[in-house]
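To keep things clear, I will list the structure first and then write my remarks on it.
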There are 2 protein chains.
Amino acid sequence: MSKRELKKDFLLEAGIKVMATCGYNGTSIQDIVDAAKVPKGSFYTYFKSKEDFALAAIDMVAEDRIKLSKSLLNDRNIAPLARLKTFFESSIPGCDSNVNGGCFIGNMCQEMSDSNEAIRLKVRQMMRNKTQMVEDLLDEARMDGSLKNPVSSNLLAEFLFNAWEGTLMRMKATKCREPLDAFVSTLPSIFGN
Amino acid sequence: MSKRELKKDFLLEAGIKVMATCGYNGTSIQDIVDAAKVPKGSFYTYFKSKEDFALAAIDMVAEDRIKLSKSLLNDRNIAPLARLKTFFESSIPGCDSNVNGGCFIGNMCQEMSDSNEAIRLKVRQMMRNKTQMVEDLLDEARMDGSLKNPVSSNLLAEFLFNAWEGTLMRMKATKCREPLDAFVSTLPSIFGN
DNA sequence: AATTTACAGACGACCGGTCATATAGTGCAA
DNA sequence: TTGCACTATATGACCGGTCGTCTGTAAATT
């Protein structure tokens, strides 16, 4: 990775931290470069606009998460539905200690979908990808008999992924992990018995 | 209702429309007064700050929704779980035609919870209220035998309300009602058989 | 020497909020 | 009913500050 790309990633990582808690409109270019300890003028060497930064940020976050999820999801030593639980939990870093920020992609979705089409489309794609991963896992669980819910894996995956995103959102309001526990407690009853 | 209160409500209604699509930080005082066709100086006659406006806006939206929900929820001629479905659907106005805006309270939650404690607490309270309504309905359904899921009404209500909020969020990303349909299709399988 | 990258400073626009002034509304005495 | 003092509302110019972006030039790299 070139020196330029390293610095770009560094700027992204620092900026994501700010934008995850303050949102798109609540984060200024100044905030981003301050967090990265980089002069303001340099910002436009790496990103052609604030929107461009946000799009790259969504890419980076989603890529990190998907990489992490993939390694967990393909471990055939663990039952599919147990992996699903892990999958959800892995999508929020340090969900017990640091309840700030929530899901960066979910945040962008709520704040920007109605005002920035490029961000909306990128977010939609990322969510579609993650939903597909859930669906594959559900299919696997159906094969081995641990999933008995008659609703199609496709619909159920949509439902569960969205439910999880809603749970992360609720965590932002409560600032505690209680909603997460309610989710995990309820999950088995949805798989059927 | 006094003349003053009428104008305040008018300003609120016009402003909520803007803020529901552009968010808190994406909406300026100028945007609000423009939407209401009122001079900027007048804003501060009715609200002491932008934050004050947002808090009043959340109140108004939640009050409207709760009033609407209450009338639907208490209709004993309809089965509890059917009412629950109506309850969810009533919380989003014109969910098929106008997918813009989504859930105002959900939007505020995601955007502001980490940066404005007053808004966060207000949002938390509203969500708690709505969850309680779901819980009551689930209890009623359990009485008449239509709800067989062994998970407590409390946990299940939390789960379902958050799932619904997540579904509304997903609708913002897709700009179509498909996620809503997936939610409604999946719902019966959660009640048990 | 030529090209790319780094960055300070400045740009006009707009932000949330204030204020002096103008106007409208109210209660009361005559 | 009228005239008057007083309070409440109306209003847009204006405040200091920050916004996202751009430009000119210095430094680094090729």
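The values are calculated or read from the model by the stated rules, or taken from the named source; none is laboratory data. Here the structure is a predicted model, which means the values were calculated and not measured. Note: ideal-geometry Cβ built from the backbone for every residue, glycine included; neighbour counts use all protein chains shown.
Before moving on, here are some points about what is shown:
- Residue satisfying condition, being modelled with pLDDT of 95 or more and farther than 23 Å from A:A173 by Cα, within set B:V184, B:V151: B:V151
- Scanning the stretch B:35-68 for residues that are basic (K, R), more than 14 Å from chain A (Cβ to nearest Cβ) and either in contact with a helix residue (DSSP H, G or I) (Cβ under 7 Å, 6 or more places away or on another chain) or more than 12 Å from DNA strand C (Cβ to nearest atom) (or both) yields B:K37, B:K40, B:R65, B:K67.
- Residue in the stretch B:56-80 that is farthest from B:K17 (Cα to Cα), counting only those that are away from DNA strand D (no atom under 16 Å from the Cβ) and surrounded by 19 or more Cβ atoms within 10 Å (Cβ to Cβ): B:P80
- Some residue of the stretch B:133-156 being β-branched (V, I, T) and over 19 Å from A:V151 (Cβ atoms): yes
- Of the set (1) away from DNA strand D (no atom under 13 Å from the Cβ); (2) small (G, A, S); (3) more than 23 Å from B:M169 (Cα to Cα), all apply to B:G41 but (1).
- Only one of the numbered conditions (1) more than 8 Å from chain A (Cβ to nearest Cβ); (2) touching a Leu at 6+ places or on another chain (Cβ under 9 Å) is violated by B:R170, and that is (1).
- Among the residues of the stretch A:117-162, those identified as within 12 Å of another protein chain (Cβ to nearest Cβ) and among the basic types (K, R) are A:R120, A:K122, A:R124, A:R128, A:K130, A:K148.
- Candidate set from the stretch A:12-28 (those that are within 15 Å of A:A56 (Cβ to Cβ) and either within 13 Å of DNA strand D (Cβ to nearest atom) or polar (S, T, N, Q) (or both)); member that is nearest to the chain's Cα centre (by Cα): A:M19
- Where helices (runs of 4 or more DSSP H) fall entirely within the stretch B:1-64, those with at least 1 residues that are out of contact with any Phe, Trp or Tyr (no Cβ under 9 Å at 6 or more places or on another chain) and modelled with pLDDT under 95 are at B:3-22, B:40-46.
- Residue in the stretch A:80-96 that is among the aliphatic types (A, V, I, L, M), touching a Phe, Trp or Tyr at 6+ places or on another chain (Cβ under 8 Å) and modelled with pLDDT of 95 or more present: no
- Once the stretch B:16-34 is narrowed to residues that are free of Cβ contacts under 8 Å to residues at least 12 places away in the same chain and within 8 Å of DNA strand C (Cβ to nearest atom), the residue that is farthest from the other protein chains (Cβ to nearest Cβ) is B:Q30.
- Residue match in the stretch B:80-87 (condition: within 16 Å of DNA strand C (Cβ to nearest atom), more than 14 Å from chain A (Cβ to nearest Cβ) and among the hydroxyl-bearing types (S, T, Y)): no
- Helices (runs of 4 or more DSSP H) enclosed by the stretch A:77-193 - at least 3 residues per element that are under 28 Å from A:A54 (Cβ atoms) and polar (S, T, N, Q): A:117-143, A:153-174
- Of the residues making up the stretch B:173-188, those that are under 13 Å from B:L84 (Cα atoms) and more than 7 Å from every other protein chain (Cβ to nearest Cβ) are B:V184, B:L187, B:P188.
- Boolean, A:K172 is buried (at least 24 other Cβ atoms within 10 Å of the Cβ), basic (K, R) and under 15 Å from the mean Cα position of the chain (by Cα): yes
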